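Okay, so here's the structure we're looking at.
The values are calculated or read from the model by the stated rules, or taken from the named source; none is laboratory data. As the structure is a computational prediction, the values presented were derived from the model and not from experiment. Because the Cβ atoms are built from the backbone with ideal geometry, glycine has one as well, and the counts that use them run over all protein chains shown.
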Amino acid sequence: MAQPVRIAVVGAGLIGRAHIKRVLEEPEASLAAIVDPAQAARDHAARIGVPWFPGLEAMLREARPDGVVLATPNRLHVSGALATIGKGLPTLLEKPVAETVDDAMKIVAAAEQARVPVLIGHHHRSSLIMRRAKEIIASGALGRVTVANALCWYLKPADYFDVAWRREKGGGVVLINLVHVIDDLRILCGDIAGVQAIESNAARGFPVEDTAAILLRFESGALGTLSVSDSAAAPWSWELTSGENKAYPQTDQSCYLIAGTEGSLAVPRLDLWRYGDAKSWWAPIDCERRVVPEQDPLAAQMRHFCEVVRGTVGPVLGVREGTRTLATTLAVKEAAATGAMVRVAAI
Ligand SMILES: NC(=O)c1ccc[n+]([C@@H]2O[C@H](COP(=O)([O-])OP(=O)(O)OC[C@H]3O[C@@H](n4cnc5c(N)ncnc54)[C@H](O)[C@@H]3O)[C@@H](O)[C@H]2O)c1
């Protein structure tokens, strides 16, 4: 086997520590350094015996990694990515790409000009469930996709909102959580051309939305509905149904329903509903469950990133495509603010 690729992790908070764990567990990778000014991160680096740096520039000079994971707060994504791209280093950049599409396009331009691969951390792109669902739809088993319904309903505990930014503009469910669902729907049904949306803060009364309902028009002509609420005591969300993140107790439900002219699919259960010879609502419709092995998508993403760093494959979600997901999510915010149908700009 070739030498493990040396990966540095920048930002050792909630998701950064999850990446550090995957680097340490991945035989193709070794942990080159941790970058994070917080004392807790310094202590963590000392505990696991890894070089620690308070800032990115010093790490890039001294630790000389082969690839870098950027798991810093959103406002630091542009400066961090421009620095790693400037050094020609393949980068795993956490989602969302940036806070605005204009900022994200600065990363797109730099990465494409320097030909440096940037993988965006929408780790459902590495999920076996999502990949299988995409294959089923692409195989034509549903016929022409006509309609999709996605639910992202869960109950965040009250103390989640003790952190001030989660109660303020930018901290609501649309920008924090819905961005994943939008990327999932793009995986399953393709690009979204336009959105309409309404938001509410009636359940929690914070300045930021706790609930949103969205209408989607896909470029294929299919239509969709999507709703999200952090104030819904319900089992229907990717978190509670997929079983991919063991921190959440799993339910046996599905959260995405996709239907076409020949059949329909419930995800993540992968229940495929199809008619026999008689195709009509008068005839019985059969259900067949497809099964995929259990897998940790963050570990699969890290394995994939190692291949990206080695240059054997391109990123499963590059920065231009990741920016399209960001643009679609921001279009939801604009649609909710204006009441208009907002077209998603071409990226
Ligand atoms: N893919 C996912 O499922 C997922 C989940 C959670 C968060 N995220 C994304 O990951 C990013 C981080 O989120 P989080 O929840 O881990 O946040 P967090 O607040 O838990 O962690 C951020 C860390 O960055 C550190 N930091 C701050 N300034 C820094 C700097 N200049 N250099 C290096 N480190 C610095 C902080 O000290 C902190 O430890 C965000 O972009 C978020 O959207 C993605």
Suppose we filter 222, 164, 158 for residues that are under 28 Å from residue 274 (Cα atoms), among the small types (Gly, Ala, Ser) and over 21 Å from the mean Cα position of the chain (by Cα); which single one remains? 222
Among the residues of the range 141-156, is any assigned by TED's automatic domain parsing to the domain that holds residue 261, within 16 Å of the ligand (Cβ to nearest atom), among the small types (Gly, Ala, Ser) and over 20 Å from residue 227 (Cβ atoms)? no
For the range 251-302, which residues satisfy the criterion of being more than 30 Å from residue 16 (Cβ to Cβ), in a loop (DSSP other than H, G, I, E, B) and in contact (Cβ under 8 Å) with a residue 24 or more places away in the chain? 261, 262, 269, 270, 290
Hey, does the range 315-336 have a residue that's under 16 Å from residue 126 (Cα atoms), under 18 Å from the mean Cα position of the chain (by Cα), of a type in the set (Lys, Arg) and surrounded by 12 or more Cβ atoms within 10 Å (Cβ to Cβ)? no
Of the numbered conditions (1) within 16 Å of the ligand (Cβ to nearest atom); (2) surrounded by fewer than 21 Cβ atoms within 10 Å (Cβ to Cβ), residue 310 fails exactly one; give the number of that condition. (1)
If a residue has to be within 7 Å of the ligand (Cβ to nearest atom), assigned to a helix (DSSP H, G or I) and surrounded by fewer than 19 Cβ atoms within 10 Å (Cβ to Cβ) to count, how many in the range 10-29 make the cut? 2
Among the residues of the range 165-183, the number that are out of contact with any strand residue (DSSP E or B) (no Cβ under 6 Å at 6 or more places or on another chain), part of a helix (DSSP H, G or I) and either at positive phi or more than 12 Å from the ligand (Cβ to nearest atom) (or both) is 2
Determine whether residue 75 is in contact with an Asp or Glu (Cβ under 9 Å, 6 or more places away or on another chain), within 12 Å of residue 11 (Cβ to Cβ) and within 12 Å of the ligand (Cβ to nearest atom). yes
Considering every residue within the range 146-154, establish whether at least one is buried (at least 17 other Cβ atoms within 10 Å of the Cβ), out of contact with any strand residue (DSSP E or B) (no Cβ under 7 Å at 6 or more places or on another chain) and modelled with pLDDT of 95 or more. yes
